[in-house]
Amino acid sequence: MNKLNFHMIIEKKLFKGSLAIVLLSLMLSLFSCKDFLSVDGYFSDEIKLDTVFAKARYIEAYMWGAAAAFPDEGNILQNNYTPGPLATDEAFTSFFTLHSYNGMRYVLGEITAGAMYSFNTWGNLYQIIRKCNTILMRIDEAPDMTTRKRTEIMAITRFIRAYAYYNILVDFGPPILLGDEIMASNEGMEYYDRPRSTYDEAVEYICSEFETAAENLPTTLPLMEFGRPTKGAAYGLVARLRLTHASPLYNGGNAARQAFANWKRSTDGAQYVSQNYDEKRWAIAAAAAKRVMDLEGAGGTLYRLHTIEADSDTPPLPAGVTSDPNYYEQWPNGAAGIDHFKSYSEMFTGESVIPTNPEYVWGRKSGIITENTRMSFPQKLDGWNGMCVTQKVVDAYSMVDGRSINNSSEAYPYSETNFTNGVKTFSGYRLNSGVSNMYANREMRFYASVGFSECFWPMSSSTSSGYYNQTITYYFDSPNGKGGVSAPQDCPITGYVIKKFIHPNDAWGGTNARRMDKGFPIIRYAEILLSYAEALNNLKSSHTVEVGGQQYTFSRDMDEIKKAVNLVRYRAGLPGLNGSEDASVVQSMIEKERMVEFLFENRRYYDVRRWGIYEETESEPIRGMNIEGPKEVFYQKVIPNTARIGARIVNKRLLLMPIPLNEVRILPSLDQNPGWEK
């Protein structure tokens, strides 16, 4: 029986396009295993499925087939699986091919439950879940399965299944939880019609599955196995979920009431999202983060921030900082002794060895991240010239001494007039003469992340004249400005591009042009530190909680908060908290830190939602430089002249993506997310 005929039979027996199809169709038709199994073609029927479970190595290949069905987590811009940066206030593009930049489509109101484009991952994630359940049920059929291999496969399979549910939860909201069940075929409609869990039920189930998986996952991996699940990856995802669960949108209070007060399960009237605040959740989130921080390997504590020692090219710390008494101490007690630009930048550009980066709690090599650098490269140098950072992000970066642009010091002033005199080089970075004073005296993460007009582009791998060591401008009459490009949309509409993942050697044009391999950090240790600090900061009383069988007692401990936040600040070369700040000040600092620290790492979309500030942040119009004129008028903060800015919508329905329309119309108990068609 060939694959097409098999699916035709299944569709005749059941109903085309439904969740039941997703849950009942055989996963093997989606994954070619011939490289692993020496079996031609696809597994497409029960006979060959029996063959899979005849040998341990076949089962293992089948398991990795399930893992391979996940999207590349770095795929967050084009044909993206999740809304990502372009659905937030951190990014914008005027690229004409809007159909593939689906984060833009999302905020323009062009995504519907009936037209989800690349966001339609619901069915694929349930296919992964069914494949995992099949393994868990049939693993003991292989006569050559050793106890050790069985333990390994069971742990990884549970992780994969939990990660599939995790992806459903963060994008679509509460899933239908199937447990270990493999749903039978040829049953009546009532058999397949299952209600969704509540948000609380989903969090507890997914975290429990990660905990079980972690018991037998390795703490470390060989370099060649980088990206596979580890104990730290499981614990890190638990920490992220626990923080989200404690946050305002999902933990009672005004944000939860305004978004979800009327969202109840149709089968029993249960609230999908709890309307009762539970402070203890913050303590659980703190414990989950602390467990990652304390996780040990053969050489001691397993994770730490990525740092590069200072050298002769490292600029001195700014003088006169008095807000933090520890600022001038040696790293990690202060900011001295490391190169702040390289410590941040080289994590993303490919300069640091990706599998050995101690900050990667979980990550992967990502060809898509490498390919996406072309979106920022100048058009005249064979780039696409239009993946933009917004003015809001640019303004969020601190001055080099840690002050905001609105409270800059005399020693390190912020000015929107005039230009720099003389070239300044530091840490391998060149700041040209003639750069707007807006971009002088800024913190190192700014220079590592943002391309601005008059920015220097090394592109050292190219050996063709005119394709390396170039200064790029975006004035209207510049070669890469709106008036100089081949089409008006092929320019940086805000006057800024994202350079965070671009290595000085990277080039797209000219002879010998090449790009360094990149990694995508799914979870970084910096996130764990800031999550720990945020969780502690939201406690008003002491709580004793248990995570992973271990008890923790937490209260709002300012010393612990300061220690966690300041590590991230010191790595950036900035002064930290001094310990006298109240909870609201600390929360504001954490929110700002997460915005700049995780720029274009797919955290902002989820953060503004869980904080309950989605409408507030997205209601602000996108701003940038005035690309409609020459240099004399360019450095004005304006709303770009494009209809797409005004067409951006702010609507509570965008808190969660819709469940595909064909699913909710087939299963009566499958409630749609608030505000979406059904």
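The values are calculated or read from the model by the stated rules, or taken from the named source; none is laboratory data. None of these values were measured; they are calculated from a predicted model. When we count neighbours, we look across all protein chains shown, and the Cβ atoms used for this are built from the backbone with ideal geometry, even at glycine. In case anyone asks, the SASA skips ligands and DNA or RNA and just uses the protein heavy atoms, side chains included. Shrake-Rupley method; radii C 1.70, N 1.55, O 1.52, S 1.80 Å.
Descriptive notes on the structure:
- Binned Cα-Cα distance frequencies in the chain - 20 Å width, integer %: 17, 51, 29, 3
- Atom-type composition of the exposed protein surface of the chain places 48 percent of the accessible area on carbon and sulfur (1.4 angstrom probe).
- Using alpha-carbon coordinates, inclination of helix 231-246 to the longest axis of the chain, degrees: 80
- DSSP finds beta bridges in the chain, and of those with both partners inside it, around 95 percent are antiparallel.
- Inter-probe distance in nm under a simple model that places probes 7 Å from Cα toward Cβ, at residue 266 and residue 329: 6.0
- Using only side-chain charges placed at the Cβ, +1 for Lys and Arg and -1 for Asp and Glu, the dipole size of the stretch 560-678 relative to its Cα centre rounds to 200 debye.
- Förster radius 56 Å - calculated FRET efficiency between residue 417 and residue 208 (Cβ-Cβ, nearest 0.05): 0.45
- Value of relative contact order over the stretch 413-496, rounded to a whole percent, pairs C-alpha under 8 Å and six or more apart: 19
- What you get for the chain, charging only the Cβ of Lys and Arg (+1) and of Asp and Glu (-1), is a dipole of about 880 debye around the Cα centre.
- Cα-projected label distance for residue 677 with residue 588, points at 7 Å along beta-carbon direction, nm: 4.3
- Cβ-Cβ FRET estimate between residue 464 and residue 487, R0 fixed at 25 Å, reported to 0.05: 0.55
- Area accessible to solvent at residue 171, 1.4 Å probe radius, in Å²: 10
- Between residue 620 and residue 64, full extension at 0.36 nm per residue minus the direct alpha carbon distance yields a gain of 195.8 nm.
- Taking the C-alpha atoms only, the angle from helix 3-13 to the longest principal axis of the chain is near 70 degrees.
- Legend: P(r) of the stretch 385-441 from all alpha carbon pair distances, 5 Å bins from 0, whole percents, reading 4, 17, 22, 25, 22, 8, 1, 0.
- Accessible surface for the chain, divided over its residues, is 38 Å² per residue with a 1.4 Å probe.
- Rounded, prolate or oblate (a/c below 1.5 giving rounded, otherwise prolate when a/b exceeds b/c) for the stretch 214-342 by Cα gyration tensor: oblate
- Dipole orientation for the chain: of the candidates 646, 495, 605, 646 has the Cα lying most toward the positive pole (charges on Cβ; Lys, Arg +1; Asp, Glu -1).
- The modelled label-to-label distance for the pair residue 55/residue 471, using points 7 Å beyond Cα in the direction of Cβ, is 6.4 nm.
- Bridging of residue 678 to lysines at a Cα separation below 26 Å is possible for 12, 13, 16, 264, 652, once same-chain residues fewer than 8 apart are set aside.
- Selection of chymotrypsin sites (Phe, Trp or Tyr not before Pro), the stretch 83-142, meeting DSSP coil and at most 14 other Cβ within 10 Å: 96
- When each of 424/518; 499/637; 424/499; 342/424; 48/131; 562/637 is checked by Cα-Cα distance, pairs over 26 Å: 424/518; 562/637
- For the stretch 164-259, alpha-carbon Rg relative to the globular expectation (2.2 N^0.38 Å, N residues): 1.33
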